[in-house]
Amino acid sequence: MGLLELLTPALLTSLAVIGGGAFFLLNSAALAVYAERRVAAFIQNRVGPNRVGPMGLLQPIADVLKLILKEDVVPAQGNKVVHAIAPMIPVITALMTVAVIPFGDGLVGANLNVGVLYLLAITSLGVYGVTLAGWASNSKYALLGGLRAAAQMLSYELPMGMAVASVVLLAGSLSVVEVVNAQRDLWFVFVNPIGFLIFFIAALAEANRTPFDLVEAEQELVGGYHTEYSSMKFGMFFLAEYMHVTIGSMLITTFFFGGYHLPFSSHWLPDIGNWKILLDITVFLGKTCFFAFSYIWIRWTIPRFKYDQLMRLGWSRLLPLSIVNFMVIAIVLWMMR
Amino acid sequence: MKPDILHEKLKPAFQPEHQYAFYKALEDKHTTIEVDDNDPLSTRMILNMGPQHPATHGVLRVLTELKGERILKCKLDIGYLHRGVEKIAENKTYQEFMPYTDRMDYLSPYSNNVALCTAVEKLAGIEIPDRAAWIRMLGCELARISAHLLWLGTMLMDSGAISFFIWTFREREKIYSLFDEIAGHRFTVSHARIGGVAADLTPEALAAVRKFISEFPNEVAEWKTFLNKNRIFLDRNAGIGTIGYEDAIALGMSGANIRATGIAYDMRTFAPYLKYDEVEFMVPTRLEGDNLARYYVRMEEIEQSIRIINQVLEKLNVPGPIRVDNAKKSYPSKDEVYYSMEGLIHDFMMTDTGVCPPPGREIYHAIEAPKGELGYYIQSDGTGHPWRLKIKSPSFSNLQGLEKILDGCMLADTVVVIGGVDPVMGEADK
C-alpha cells in the first residue's frame, strides 16, 4: 500500500484540523498574554502595552524575542536533564488536547470514541512538568511549588472527573463530538448547572490560575516551580499556562455551552450551506474568548487561597457535591427512561 | 538540622559569625509545636526568606523551620538597613537632623518631622502658634491615610489580589500631590520646623485637600464592600497571626497591632499633643488580635482620620502666624531675612547654632505615628546638638511581636502576617 493511498480526504481533513488547531493554540497563548495585560491594565486603570505594533498587538512577539535572547541558567546542583525536559511536558500535553476538540460540524482532528477520557488523561499529565521542574531545580522554593502543584492536581482531578462524568451521562457517549451534538437543542449548563460550576472551579485549579495559583505564588514562593528557570525554558512554562487557559475555556465551551452550536439552533437556524463551517468556528471561538476573559477577570480581582483552604474546598466541598450531583442526574435519567 | 552541619554546608561568606549565631538561635528557640525528634521522613526543612524577598517589605530576613508547609519556629534578622541615624543626630543641629527623620518611616514622613519637632519644642520650652499646630495635624492625618493605604495595598497584593495595590496607589498619588501643594515636596516633605511649620497653606492647597477629603470616603466605602464579604479574604485573615494583649504589651507593640488586641492605646488620647484634645475622634479597637482585627482597626482609623481632617479644615479658616515670633527659638520669616539686617543675622545664627535647650535637661516625647508610638528621647548639653538622641520606633517593637506571631502559621501566612503587622524596615533598623 503506497503512501498516497493513505492520504484519504478524511485523513487530510483531520491533519488540516489538527494543524489549524495547533497553530491556533500556539498563537492563542500569545494573544492571551496580550489580552491578559490589556485586561489587567483596564481593571487597574492603566493603559497597558500599546507601543509595539498597532495597539501593542506585537507585544507578545517582543516578549518572546526578549526571552530567547536571555541567558539560559541551570542551577549548579540541579538535575540538568530533568530541568530541560520539564518545561516541554506542559506545552506538549496542552498541544495534544486539540486533537479531539470539535471546532465545527465535522471539523475534528480525531473522533475518538473515548475522547472525553483522552481529554481528562492528557490535561492532567501537565502537572508532571511542574512537579519535575520543582524537583530538578534543587531550590526549596521551587520544591514547595512543585509539591503544591502535585497535591492540588490530585485534589481537583476528582471533582473535575465527576463533573465530566455527569456530562457523559447526559450525552450518553464518551465521544466529544457526541457530547457536543447532544447539546444542539439544550446546552448542558442549563441541565447541569452545578456540574458546570464544579468544572469551572476545577478548570481554574488545573490551569493554576488565581485563586488557585499558589503553585507559583509570587509573594511567598518568589515564583514557585519556575523560580530557577530563565530564557525560553521559562517562556515555555509561560506559554503552557496560557495554553491551559485557552484549553480550559474550550473544554468549558465543549462540555457545557454547546461547543459550536448556537442556542436552540436546530429550531431557527436556516441552512446556509458551506458558510455553516465559518459560523461554527466563529461561535466556538467567541465562547472560548468569553471564558478566557473570565479567567483573566478573576485573576486580577480576587486574592488567592491558602494551601489548607484549597484542600478543604477540594475534598470536603467540591468532591461530595460533585458525587451527589452525579447521583442525582443518574437517578433522574433512570426514572425518565 | 544542627547549625554546625548547616554552617558546614553553606559556608557563608558574608558575616560568617553572625550567620552561625543566627542559625544557632533558631535551633535554640523554644518550639511551640512539639514534634518527634526522630523524624524518619526528614520532613523538616530550614527555609531562609529574605533579606531580598519580594514580600518582606524591604530587607527583613526570616529564618523558618518548616514541617511541610507549617512553620515550627522562626527567627527574624534585622539591621540590614542600619544607617546610624541616632549617631548622625549627635553631629547635627536639631533642625538639620529633621530631614533624616523623613527617611526613617518613609511612608509617613510628615509624622516623623512632627515627632522630632514636638520633642525638641518640649525640650526647649517652645509654644507653637495655633495655626501651625492645625497645619501639622492636617499633615499627620494625611500621612496616616497614606501609610494605611500602602499597608492595605501591599497586604492584599501579598495575598494575591494584585490589582488592589494599584487601586490604593492611585489614591496615594493624590495624597502625594496634596503634599506637593502643602510642602513643596511629594515624598520627603520636611515641612515642619522647630517652632512652627515652613510655610502657610496656599488657598490652592486648602481647596485641593477639601476636594480630596470629599471624594476619598467613596473609595474607602467601595473597598470595604469588596473586602468585608470576600470569603477568600476573610478566611485568609481570620484567626491568622493571633496575639493576646498580654504578649502585645509585654513585647511593647503599639499602634494598630495593640489596638487589635483590645487595648485602646493611642498617643493622641493617651497623652494628647498638638491640638488632638480639641477634636472629636474615636480610637477603634477589636478584641480578636488576629490579622482580620488589624484590618478592621486600620480601615476604621482611615475613617477617623478623615473625620479629624474635616474638623481641622474648619479651624484653618482662621488666619494667624505659623511660626513662633522669637528669633532664638525659630527661624525668622523670609521677609525679615531679605529686608532686615537683624533678620539675616538671626537666620544665620539659627542655621549655624540652632535652638539651644537648657543644659542637662532630658525628655521623652511620643506621638502616634501610623505604625504606632513613635518616641524621641533627647538629652541636651546646652548646645544646638543633642547629646544623645534615642528613637523609639514602632516598627522595631512590632517586629518583636512578629517573631512570636509567626510560630505555628502556615508558610503562606507569613507574607499576609508581615503585611498585617506592617513594619517599615527603614524605621526598625534606623
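The values are calculated or read from the model by the stated rules, or taken from the named source; none is laboratory data. None of these values were measured; they are calculated from a predicted model. No Cβ is skipped: glycine too gets one built from the backbone with ideal geometry, and neighbour counts run over all protein chains shown. To get the accessible areas, we keep the full protein, side chains included, count just its heavy atoms, and leave off ligands, DNA and RNA. Shrake-Rupley method; radii C 1.70, N 1.55, O 1.52, S 1.80 Å.
Things to note:
- Residue match in the stretch B:384-395 (condition: under 15 Å from B:Ala260 (Cβ atoms) and away from chain A (no Cβ under 14 Å)): yes
- Restricted to the stretch A:156-261, the set of helices (runs of 4 or more DSSP H) holding at least 3 residues that are away from every other protein chain (no Cβ under 14 Å) comprises A:176-181, A:188-191, A:193-206, A:231-256.
- Here A:Ala110 meets the list (1) closer than 25 Å to A:Gly259 by Cα; (2) part of a helix (DSSP H, G or I); (3) not hydroxyl-bearing (Ser, Thr, Tyr) almost entirely, failing just condition (2).
- The stretch B:253-267, residues that are out of contact with any Pro (no Cβ under 9 Å at 6 or more places or on another chain), surrounded by fewer than 24 Cβ atoms within 10 Å (Cβ to Cβ) and assigned to a loop (DSSP other than H, G, I, E, B): B:Gly262, B:Ile263, B:Tyr265
- Every listed requirement among (1) in contact (Cβ under 8 Å) with a residue 40 or more places away in the chain; (2) part of a helix (DSSP H, G or I); (3) of a type outside the set (D, E, K, R); (4) within 17 Å of A:Met250 (Cβ to Cβ) is met by A:Leu67 save one, (4).
- When B:Ala207 is tested against the conditions (1) hydrophobic (A, V, I, L, M, F, W, C); (2) open to solvent by 50 Å² or more (accessible area, probe 1.4 Å); (3) not in a helix (DSSP H, G or I), the lone failure is (3).
- Taking the listed residues A:Ala133, A:Ala99, the one that is surrounded by 15 or more Cβ atoms within 10 Å (Cβ to Cβ) and modelled with pLDDT of 85 or more is A:Ala133, with no other qualifying.
- Scanning the stretch B:52-78 for residues that are more than 21 Å from A:Asp308 (Cα to Cα), more than 10 Å from chain A (Cβ to nearest Cβ) and open to solvent by 20 Å² or more (accessible area, probe 1.4 Å) gives B:His57, B:Gly58, B:Val59, B:Lys75, B:Leu76, B:Ile78.
- Those residues of the stretch B:184-199 which are in contact (Cβ under 8 Å) with a residue 24 or more places away in the chain and open to solvent by 60 Å² or more (accessible area, probe 1.4 Å), in sequence order: B:Phe187, B:Arg193
- Pairs linking a residue in the stretch B:160-172 that is at the interface with another protein chain (Cβ under 7 Å from one of its Cβ atoms) to a residue that is surrounded by fewer than 20 Cβ atoms within 10 Å (Cβ to Cβ) and in a helix (DSSP H, G or I), with Cβ atoms under 6 Å and 6 or more positions apart or on different chains, are B:Ser163/A:Ile43.
- Residues that are away from every other protein chain (no Cβ under 14 Å), open to solvent by 10 Å² or more (accessible area, probe 1.4 Å) and not charged (D, E, K, R) do occur in the stretch B:219-237.
- Residues within the stretch A:24-52 that are open to solvent by less than 30 Å² (accessible area, probe 1.4 Å) and without any contact (Cβ under 8 Å) to a residue 12 or more places away in the chain, tallied: 2
- Flag if A:Phe284 is more than 14 Å from chain B (Cβ to nearest Cβ), at pLDDT 85 or above and in contact with a Gly (Cβ under 8 Å, 6 or more places away or on another chain): yes
- Candidates are the residues of the stretch B:238-252 that are within 14 Å of another protein chain (Cβ to nearest Cβ) and of a type in the set (A, V, I, L, M); the one that is surrounded by the fewest Cβ atoms within 10 Å (Cβ to Cβ) is B:Ala238.
- Residues satisfying the stated conditions in the stretch A:287-317, i.e. under 19 Å from A:Leu251 (Cα atoms) and away from chain B (no Cβ under 14 Å): A:Lys287, A:Thr288, A:Cys289, A:Phe290, A:Phe291, A:Ala292, A:Phe293, A:Ser294, A:Tyr295
- Residues of the stretch B:1-34 that are open to solvent by 60 Å² or more (accessible area, probe 1.4 Å), closer than 13 Å to B:Thr64 by Cα and at pLDDT 75 or above: B:Lys24 alone.
- Of the residues A:Arg46, A:Arg51, the single one that is charged (D, E, K, R) and within 14 Å of another protein chain (Cβ to nearest Cβ) is A:Arg46.
- Residue, nearest to the other protein chains (Cβ to nearest Cβ), within the stretch A:119-129, restricted to residues that are open to solvent by 10 Å² or more (accessible area, probe 1.4 Å) and of a type in the set (A, V, I, L, M, F, W, C): A:Val127
Quick grid of which residues meet (1) open to solvent by less than 30 Å² (accessible area, probe 1.4 Å); (2) more than 27 Å from B:Asp352 (Cβ to Cβ); (3) assigned by TED's automatic domain parsing to the domain that holds B:Val312:
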| residue | (1), (2), (3) |
| --- | --- |
| B:Asn91 | no, no, yes |
| B:Tyr94 | yes, no, yes |
| B:Phe97 | yes, no, yes |
| B:Lys122 | no, no, yes |
| B:Gly125 | no, no, yes |
| B:Pro129 | yes, no, yes |
| B:Trp151 | yes, yes, yes |
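- Test result for B:Ser330, within 30 Å of B:Ala124 (Cα to Cα), under 18 Å from the mean Cα position of the chain (by Cα) and either of a type outside the set (D, E, K, R) or open to solvent by less than 10 Å² (accessible area, probe 1.4 Å) (or both): no
- Some residue of the stretch A:128-149 being part of a loop (DSSP other than H, G, I, E, B) and of a type in the set (Ser, Thr, Tyr): yes
- Residues satisfying the stated conditions in the stretch A:264-307, i.e. over 23 Å from A:Gly104 (Cβ atoms) and open to solvent by 50 Å² or more (accessible area, probe 1.4 Å): A:Trp297, A:Tyr307
- Condition broken by B:Gly360, with the remaining ones in (1) modelled with pLDDT under 90; (2) within 30 Å of B:Asp266 (Cβ to Cβ); (3) not charged (D, E, K, R) satisfied: (2)
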